[in-house]
1. Name the single residue, out of those in the stretch A:116-138 being touching a His at 6+ places or on another chain (Cβ under 9 Å) and of a type outside the set (A, V, I, L, M), that is surrounded by the most Cβ atoms within 10 Å (Cβ to Cβ).
2. Pick from A:Ala392, A:Ala313, A:Ala335, A:Ala398: which is over 27 Å from A:Thr201 (Cβ atoms) and under 25 Å from the mean Cα position of the chain (by Cα)?
3. Let me confirm something: among B:Pro246, B:Pro203, which residue is in contact with a helix residue (DSSP H, G or I) (Cβ under 9 Å, 6 or more places away or on another chain) and within 13 Å of chain A (Cβ to nearest Cβ)?
4. Would you mind stating whether A:Glu81 is modelled with pLDDT under 85 and of a type in the set (Asp, Glu)?
5. Could you tell me whether the stretch B:259-277 includes any residue that is assigned to a loop (DSSP other than H, G, I, E, B), within 14 Å of chain A (Cβ to nearest Cβ) and of a type outside the set (S, T, N, Q)?
6. Mind checking whether some residue in the stretch B:216-229 is closer than 24 Å to B:Val48 by Cα, of a type in the set (A, V, I, L, M) and over 18 Å from the mean Cα position of the chain (by Cα)?
7. What strands (runs of 3 or more DSSP E), lying completely within the stretch A:12-125, carry at least 2 residues that are under 30 Å from B:Pro203 (Cα atoms)?
8. Residues in the stretch B:171-190: is at least one assigned to a strand (DSSP E or B) and out of contact with any Cys (no Cβ under 7 Å at 6 or more places or on another chain)?
Amino acid sequence: MTIALPLLLASVMAVAPRAEVSSRLLSDGTELVVGTERGASWGSLRYVFRVGGGADPDEQAGLAHLLEHLVFHGSYGQPGEAFFRSVQSAGARVNAHTSADATVYELDAPSQAFPALAEAFLRIITNPALGLADLHHERGVVATEAYYRNTNSLWRMLDQRLFSKQASGEDLGGTPLSRERISAASLMSFYAGHYVPPNSTLIVVGDMTGAAAEALYERSSALPPLVQPDVEAVLKTGHHVPLVPLDDKVRADIVASFVGYHLPQGDPRLCAAVAQVLRWRLHDELVLKGGMEMHTNARCVRMRGELFLIGVAASFVFESGMVQDGMARAFAGLARQRMTAAETALVERRERVTRPRGEQLAQVLAELASTPRPLRTQTDLSANQPVKLNVASIKAAAEKWFVRERLVQLHVSPFEG
Amino acid sequence: MVRVRAGWMVAACLLLWANAAWAAAGDVRVVVDRALNGEFGMAVVLEVGRYDDGDNPGITRLTLESLVGAGAGGYPRLLSDTYAAGGELEVVVGAQSSVVRLHGPAETTPGLAVPILDRLFRADLRAGDVDRARERALSRFGRDSRTLLDLVASLAVDDPRMRAMRDGEEDTMDAIEAEAVMRHAQKYVCPGNTTVVLVGEVPPQIEAAARGLRGGKRTVRPSARLVTPSTFELPHHMELQVYLFPVRIRSAADLALAEVSTALLEQELTRVLRGAGVAYSPVARLLHQGWQAFIMVQLALLPATIEKAEPLVARVLKDMGKPFPGPRVEAAMGEAMGERMHATLSARSLLERDLTHIRVPGLAVDALDNATRRVTPESVASFAAQTLAPENTVAIHVTRAAAWRRLEQLVRSRQ
């Protein structure tokens, strides 16, 4: 007992670990990003392939998403069902998401079980038995998902309004007809062309060093180590131009407003700083002064490679006119009013204490790694670093960026559209 | 200095072993789940809800909003402090219980816990506090009534008072007198009627402050039961098939068996329905609403596949009554324990759950894990045969069709 006491105390007195994030390019071209959190009780893996619905072949919309589903059917040596059982037994979770730009595979597991599950997951992703997968039934699963997801994902709605002229990415889930056109051969061809090391980033966050993560990848990956000469040509996707200014309304069963700006030349670090301040101003304007019960946020996001600063307000009540006015005031205020010292302190404090870790950190890194870019370039991790607020530069950026030609407005409610 | 430190060490270690310790009548109940996860969470669970509103629909919501908004700087100060701390605060009023939830970074959020407890239990509530809270209370009703189980409670419960529950509206809210709010607060919002759940990195002084709360009585109500079997159609913007199976949970063994069976049921539904290509992500969850515990099955189905899916679901429910191979049950046991560990490691997910675990007195996570290890294929089969039987089922079809019919009726009634 006397020996156990200090150990118990240590666990009480310690604070949760913060990650040290590093990235490197492995010899086969894969980017490895590791967030080492000493003593973390949970491990997270994100395997990002920078290809998504935006690269679906003509008339086969939904292919990238269907492929993501079929990968979970397992590899030749490991049936998907057996893998799921081991995940469930360990109390872990797996999932995957397909956006226009990227497909991201996710694993979150208790530290003890993480290495073995991560290894099995990497084997499945890098060597899926696509020829044996049950394509017919998975089309039904995807159809159900598309039905529920397309009416509920706010960011997907915004993506589809901003890039609606990009035919191939118009509907990431596809239609019944487009999914029927997808064959096993086209899936395998898509996989072989896009699931290649230089087009991927493996992210590991948890109690694992960079060297251990690299060894894990070397043991498990079955992706072809050499890039074929024509891969770069295959991976060149068309340049997507957003439809701005955008002022649109969509009917859906939620009430939400997006207001933001396209920043074609914007500095991501400065954008992150402006977003910090905007988060506070939206909260202040709508929740504190407006007295409205709602969720507000502001983010710098990349959609199809393009940078946007977007404010969002989602509500359970129908006060859309007041919401839009309040959001407009918050944006305009950034250009008109300098931040006070008290505001600066408040925003900096919040940003400092809410810096992501664990699963959240893995998610943030995956978003950064999903940005389309030339092969063999590393993820810009600087957007994940703390930003020192500079009052003058934030005001100057707001004056320069918030112009009518780049405005993005989308209002979602049961009474719109 | 050394003596203080040693004393704190002993106190800290004792607190570690004091998980889910229960206090005497009149005292607050405190449940602590510590985890080194960088987060702090507090859920103040009050045994009062819309059931207790009586002739003043909305009075529970108004009371809680008044209390939270009272005190130095009022509601704006509390919200600003919460924002600066990187935390989130919400008040949810349920059928028979309500929760004030706070969560955020462990570095800053604990500093808000005691001020919130102070506001709830020690505020010198005034008429002005009530008046300032009226508009805010009104704007929050929409959130409370969205709970599916609340809707079910209004339809399928054998207690007429529960079926008659309703939200406040602008005129009824205006009619609620400040004195009535003060009486409501005095009667129901008291430590003796409260469980405080603390999770994540919990400073000892916060736990000590919670444990020091005393006074008032626990609400005693007649037990309400779901009427089974029954079938309902609920209007909504989505198509969902929902099944509820009432369960009785009185001990760690009951809870462990229910959790493992629920995990196995979800695995089976996923295997069978996804294998047939008719569902996306079937869900089976154990929920406890204070007045009743359920296993809830929720299926997102395309309208065109409902007919194909129904016999498959019936087969899965029936087959659950036969013993599964040991490894399948072990996987479900692992999932139940893993889910528990995940909930503990992530303060947020524990607080967002329905707080099932606090409904079982004297329960600690260790006791539950031990009980989970004792679950056998036979005990799951026996439990499932009774619980998932057709005569123990409430089936709810949540459908757009009913929503359209209701809209049509509304339009006709106005013509």
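1. Here is the first cut: in the stretch A:116-138, the residues touching a His at 6+ places or on another chain (Cβ under 9 Å) are A:124, A:128-130, A:132-134, A:138.
If we keep only those that are of a type outside the set (A, V, I, L, M) too, we end up with A:128, A:134, A:138.
Values: A:Pro128: 24, A:Asp134: 14, A:Glu138: 20.
That would be A:Pro128.
2. Just a single option satisfies the conditions, and that option is A:Ala313.
3. B:Pro203
4. No; evaluated as a whole, the condition is false for this residue.
5. Looking for residues that are assigned to a loop (DSSP other than H, G, I, E, B), within 14 Å of chain A (Cβ to nearest Cβ) and of a type outside the set (S, T, N, Q), one finds at least one in the stretch B:259-277, hence yes.
6. Yes, that holds for at least one residue.
7. Passing ranges, in order: A:20-25, A:31-36, A:42-49, A:103-110.
8. Checking the stretch B:171-190: not a single residue is assigned to a strand (DSSP E or B) and out of contact with any Cys (no Cβ under 7 Å at 6 or more places or on another chain).
The values are calculated or read from the model by the stated rules, or taken from the named source; none is laboratory data. The model shown is predicted, which means the values in this text are computed figures rather than measured ones. Heads up, the Cβs are rebuilt from the backbone with ideal geometry, glycines too, and the neighbour counts pull from every protein chain shown.
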